[in-house]
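Okay, structure first, notes after.
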Amino acid sequence: MNLTANCSLLREKIGSFQYNTKSQELFLALFSAVITFENKEETEFAFKKAKELKIKPAELYEIILQSYLFLGFPRMLEAAKLFHAAYPEFDPKTESEPFDMNQTQNWYDRGIT
């Protein structure tokens, strides 16, 4: 079984990606894969494509934050550094969606079941 990753194939997939309303999740999955390579040029290319496709920066930011769990802190930091270079105006405090504090009990209850 060949377990090697092909960075150029991933770049080709991202470069030829055609956006429609049902395919945003696929692009976000490809973006997640780009982070695993820890390749500056490929990550910058993915940010450029995300801007073309009008992917919300908050969604990319969330993926980067979650990459810490699966890829480790150093890789997450590198992706965050490139994110902030690509989206210097992004502020997570103003970009996140507000939620009702009463929702926390619902989340807790759902987590128990």
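The values are calculated or read from the model by the stated rules, or taken from the named source; none is laboratory data. Note that the structure is a prediction, hence the values are computed from the model and not measured. Here Cβ is always computed from backbone atoms with ideal geometry, including for glycine, and neighbour counts include all displayed protein chains. Heavy atoms of the whole protein, side chains included, go into the accessibility calculation; ligands, DNA and RNA do not. Shrake-Rupley method; radii C 1.70, N 1.55, O 1.52, S 1.80 Å.
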Students often get this wrong, so check it: of LYS56/LYS93; LYS48/LYS93; LYS13/LYS49; LYS13/LYS81, which have C-alpha atoms separated by over 20 Å? LYS48/LYS93; LYS13/LYS81
Might you work out the accessible area of GLU38 for me, using a 1.4 Å probe with all protein chains in place, and round it to the nearest 10 Å²? 100 Å²
Please identify the trypsin sites (Lys or Arg not before Pro) of the range 4-113 that satisfy two criteria: DSSP loop assignment and at most 11 other Cβ atoms within 10 Å. Which are they? LYS22, LYS54
So, for the chain, what is the accessible surface per residue at a probe of 1.4 Å, expressed in square angstrom? 72 Å²
Of the accessible area of the range 31-97, with the probe set at 1.4 angstrom, what percent is carbon plus sulfur? 56 percent
Rounded to the nearest 0.05, what FRET efficiency do LYS56 and THR113 give with R0 = 22 Å and r taken as the Cβ-Cβ distance? Could you check? 0.10
At 1.4 Å probe size, what's the solvent-accessible area of THR113? Round to the nearest 10 Å². 140 Å²
How big, in percent, is the set of alpha carbon pairs in the chain lying more than 20 Å apart? 49 percent
